[in-house]
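The values are calculated or read from the model by the stated rules, or taken from the named source; none is laboratory data. On a predicted model such as this, the values are computed, not experimentally measured, just so you know. Here the Cβ positions follow ideal geometry from the backbone for every residue, glycine too, while neighbour counts run over all protein chains shown. Side chains included, ligands, DNA and RNA excluded: accessible areas come from the protein's heavy atoms. Shrake-Rupley method; radii C 1.70, N 1.55, O 1.52, S 1.80 Å.
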Amino acid sequence: MKIGTCTDLGKTRPINEDNFYVSEYVSKMNAIYAMVADGMGGHNAGETASGAAIGEVSEFINQYFTDQVPTEQIRDLLIAAIKSANKLIYSEGQDNVKFAGMGTTLTVCFLYGNHATVAHVGDSRAYIIREDVIHKITSDHSLVAELLQSGQITPEQARNHPQKNVITRAVGTDPHIEIDVYEFEVRTNDIILLCTDGLSNMLTDQEMYRLIQEAEGMEEAAHTLVDAANENGGFDNITAVLLKI
C-alpha cells in the first residue's frame, strides 16, 4: 500500500476547515481506511465539525473493527460510525450557540482484502484510477449536481455555476442522515483518490488523472494536485488523499 496526503489553506480562506485521516495499514488483515471532511459554519465551526467527524468515525471504527468482522459487515460499520458522528455534531450545534448549524461533508474509503467500501455524505469525492482511466465513484449531494442530473444545466454550466458550493446533505446539520455506500473489488495498481471540492472545483478529472500519472509517487502526487489547485485560483481549502494498491 502506497499513501500520499496533502491539505492546504488555499489562497482565499482565513482558516483550513478541511480535515483528513489515514489509518495504519494492518498487514495481517490487509486493511486500511481513509477519509476526508470539509466543514462549514461560522466562527471556526466548520473546522470543529470536520475535526469531530474524523475523530468520531476513526474512534468508532477502531473500537468495533476486528479480524472477526466479515467483509459484508463493513458497510454497516461505516454507516453506524457516520451516524454516531452525525449525532455528536448535531448535538453540539444544538447545545452551543457558536456552533449552531455547523456541519461537514465526509467521504470514507475502507479497504479490506480486495474489497473496497466507500461511504459518503456531501460533495467531497472518491475516485478510482484503473487501467489508465479515472472514474468518479461518488455522486455529489449538491444543488448543482441535482440541476445537472435533471438536465437543467450542462456540465460546463455546472463548473461555473454561482451556487456550486450549496450542498444538499451534510453530517451534523440534521438529526437524521442519509448515507450513500458504494462497494467494489480492487486490483493491484488501482489508485483511490479522496478529495474535497477545493480540489475538484479547481481541476478537471482528466487534469487530476494526468498529474497523478506523471508524479513519482503518491506523496508527490498529492502535493502536485494541491499545488495545481492553488495555481488555478485556490478559492477554497484543498485536500487530497491517495491510496495505491
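Check off (1) in contact with a helix residue (DSSP H, G or I) (Cβ under 8 Å, 6 or more places away or on another chain); (2) surrounded by fewer than 17 Cβ atoms within 10 Å (Cβ to Cβ) for residue 85 and give me the number that stays unchecked. The failed condition is (2). Which residue, of 86, 96, 165, is of a type in the set (S, T, N, Q) and more than 19 Å from the chain's Cα centre (by Cα)? Testing whether each residue is of a type in the set (S, T, N, Q) and more than 19 Å from the chain's Cα centre (by Cα) leaves just 96.
Scan region 209-235 residue by residue and report those that are in a loop (DSSP other than H, G, I, E, B), modelled with pLDDT of 95 or more and open to solvent by 10 Å² or more (accessible area, probe 1.4 Å). If the condition is that a residue be in a loop (DSSP other than H, G, I, E, B), modelled with pLDDT of 95 or more and open to solvent by 10 Å² or more (accessible area, probe 1.4 Å), then 215, 216, 217, 232, 233 are the ones that fit.
Of the residues making up region 40-82, just one is acidic (Asp, Glu) and in contact with a helix residue (DSSP H, G or I) (Cβ under 7 Å, 6 or more places away or on another chain), namely 56.
From the list 239, 168, the one residue that fits, being under 15 Å from residue 124 (Cα atoms), open to solvent by 50 Å² or more (accessible area, probe 1.4 Å) and in contact with a Leu (Cβ under 8 Å, 6 or more places away or on another chain), is 168.
Anything in region 96-131 that is of a type in the set (D, E, K, R) and touching a residue at least 40 places away in the same chain (Cβ under 8 Å)? List them, or say none.
98, 123, 125, 130, listed by residue number.
For residues that are within 14 Å of the chain's Cα centre (by Cα) and of a type outside the set (Val, Ile, Thr), scanning just region 171-190, find the one that is most open to solvent (accessible area, probe 1.4 Å).
Start the filter on region 171-190 by keeping residues that are within 14 Å of the chain's Cα centre (by Cα), which leaves 171, 179-182.
Add one more test, that the residue is of a type outside the set (Val, Ile, Thr), and what stays is 180, 182.
Numbers: 180: 35, 182: 53 Å².
Per the stated criteria, the residue is 182.
Is there a residue in region 53-74 that is β-branched (Val, Ile, Thr) and in a loop (DSSP other than H, G, I, E, B)? Yes: one or more hits.
Screening residue 50 against (1) of a type in the set (S, T, N, Q); (2) part of a helix (DSSP H, G or I); (3) without any contact (Cβ under 8 Å) to a residue 24 or more places away in the chain leaves a single unmet condition, (3). Being over 25 Å from residue 112 (Cβ atoms), touching a residue at least 12 places away in the same chain (Cβ under 8 Å) and either open to solvent by 50 Å² or more (accessible area, probe 1.4 Å) or of a type in the set (Asp, Glu) (or both) is not true of residue 56. The set of residues from region 16-45 being open to solvent by 50 Å² or more (accessible area, probe 1.4 Å), in contact (Cβ under 8 Å) with a residue 40 or more places away in the chain and either under 28 Å from residue 185 (Cβ atoms) or of a type in the set (A, V, I, L, M) (or both) comprises 20, 30, 40.
Which residue, of 206, 157, 152, 163, is within 23 Å of residue 8 (Cβ to Cβ) and either of a type outside the set (A, V, I, L, M, F, W, C) or in contact (Cβ under 8 Å) with a residue 24 or more places away in the chain (or both)?
Numbers: 157 fails: within 23 Å of residue 8 (Cβ to Cβ); 152 fails: within 23 Å of residue 8 (Cβ to Cβ); 163 fails: within 23 Å of residue 8 (Cβ to Cβ).
Step by step, each of 206, 157, 152, 163 is checked, and only 206 is within 23 Å of residue 8 (Cβ to Cβ) and either of a type outside the set (A, V, I, L, M, F, W, C) or in contact (Cβ under 8 Å) with a residue 24 or more places away in the chain (or both).
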